[in-house]
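The values are calculated or read from the model by the stated rules, or taken from the named source; none is laboratory data. Keep in mind the model is a prediction, meaning the values are calculated, not measured. Cβ atoms come from the backbone with ideal geometry, glycine included; neighbour counts cover every protein chain shown.
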Amino acid sequence: MNQKTDQNEKSFWQTLLNIDRRIIFLFIAVAVALPLFFRISMHIPVTPVARGVYDAIESLPPGSKVLVSFDYDPGSMPELQPMAEAFFRHAFGKDLKVIIMGLWPQGPLQANIALKEVFKDEEIRAKNLQYGIDYVNLGFTAGNEVVIDRMGHSFEESYPQDSRGTPLSQIPLMRGVRSYDNIDLIYNLSAGYPGTQEWVQYAVDVFHVKLVAGNTAVQAPSMYPYVQTGQLLGVLGGMKGGAEYEVAIGRPGKAVRYMFSQAIAHAVICLFIIIGNLAFFSLKKKRS
């Protein structure tokens with residue numbers, strides 16, 4: 001009887017060890033997708049580095065000009081797009097003037113997608129924001145860090161016209177904007193090169209501009225030293241950074257929901273790790 005029980009127990013643990021990996025992937029997929037269908041949020045404390053981004057923008061008086069560089073592509077949308085949307089809500093809510101550009105070809109297109117989403121908000125729509133007066137999209141220009149350096153001397157040298165082909169001299173928002181001296185803050189959304197590091201080296205260190213950034217989770221740790229030295233006023237790191245920013249402005253959105261989904265997926269992964277270790281050590285004990 002005991003031998004039969006031992007065999008059944010051994011068979012049970014062996015079955016767990018031999019679970020098809022596709023079944024595990026299915027559980028992970030369900031764990032990621034299912035929470036997105038529910039409006040459930042989790043408590044997310046705002047860290048000091050993320051608070052620095054919020055404070056830098058919050059401290060600007062109405063009418064201040066913020067240059068936003070979209071240096072990422074669709075592959076980084078899940079992490080960086082919520083940061084972009086939260087920024088537009090924050091900036092437009094404070095009546096700031098937003099100048100959009102991109103060192104990545106797809107960056108300005110990502111900005112348009114974020115603007116389209118934000119303009120669905122009734123509070124933002126009620127402000128009747130006008131292109132060329134309240135915001136402008138300069139588009140993409142090639143040159144990487146050379147563009148950053150050149151803009152410190154003259155915006156028109158890098159961007160003689162906006163993304164619609166309108167000369168800068170004919171855009172009301174750009175009148176009087178000749179260099180970084182006429183910009184109150186730069187906000188960089190970056191997924192790699194060129195990105196935040198280049199903005200620090202060629203804009204902050206050379207022209208002494210004020211800079212905040214939003215980075216992918218992989219890139220963010222290498223940006224934190226710049227916060228400690230004061231070269232960056234704040235950093236949003238990955239999806240969690242986006243969620244912190246949403247909480248800081250009082251508008252929990254996509255990033256907060258995604259964080260709950262991510263937490264559930266991590267819990268499922270940890271559960272499978274525990275089950276796998278239990279099965280392994282139980283069978284090892286039976287064999288010995």
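Considering each residue of the stretch 179-199 in turn, at least one proves to be outside any strand (DSSP E or B), in contact with a Gly (Cβ under 7 Å, 6 or more places away or on another chain) and surrounded by fewer than 19 Cβ atoms within 10 Å (Cβ to Cβ).
In the stretch 114-130, which residues are exposed (fewer than 15 other Cβ atoms within 10 Å of the Cβ) and either touching a residue at least 60 places away in the same chain (Cβ under 8 Å) or not in a loop (DSSP other than H, G, I, E, B) (or both)? Step through it out loud before you land on a result.
Keep residues of the stretch 114-130 that are exposed (fewer than 15 other Cβ atoms within 10 Å of the Cβ), which gives 116, 119-120, 122-123, 125-128, 130.
Listed by number, the residues that qualify are Lys116, Glu122, Glu123, Arg125.
Out of the residues in the stretch 230-255 that are part of a loop (DSSP other than H, G, I, E, B) and either out of contact with any helix residue (DSSP H, G or I) (no Cβ under 7 Å at 6 or more places or on another chain) or among the aromatic types (Phe, Trp, Tyr) (or both), which is farthest from Gly52 (Cα to Cα)? If we take residues in the stretch 230-255 being part of a loop (DSSP other than H, G, I, E, B) and either out of contact with any helix residue (DSSP H, G or I) (no Cβ under 7 Å at 6 or more places or on another chain) or among the aromatic types (Phe, Trp, Tyr) (or both), then Gly250 is farthest from Gly52 (Cα to Cα).
Just one of the numbered conditions (1) touching a helix residue (DSSP H, G or I) at 6+ places or on another chain (Cβ under 6 Å); (2) loosely packed, with under 14 Cβ neighbours inside 10 Å; (3) not in a loop (DSSP other than H, G, I, E, B) is not true of Val227: (2).
Taking the listed residues Gly250, Gly230, Gly242, the one that is at pLDDT 90 or above, within 30 Å of Gly63 (Cα to Cα) and in contact with a strand residue (DSSP E or B) (Cβ under 8 Å, 6 or more places away or on another chain) is Gly242, with no other qualifying.
For the stretch 153-175, which positions are part of a loop (DSSP other than H, G, I, E, B) and either among the hydroxyl-bearing types (Ser, Thr, Tyr) or buried (at least 18 other Cβ atoms within 10 Å of the Cβ) (or both)? Don't jump to the end; show me each part of the working.
The initial filter retains those residues of the stretch 153-175 that are part of a loop (DSSP other than H, G, I, E, B), namely 153-154, 159-160, 162-166, 171, 175.
If the condition is that a residue be part of a loop (DSSP other than H, G, I, E, B) and either among the hydroxyl-bearing types (Ser, Thr, Tyr) or buried (at least 18 other Cβ atoms within 10 Å of the Cβ) (or both), then Ser154, Tyr159, Asp162, Ser163, Thr166, Ile171 are the ones that fit.
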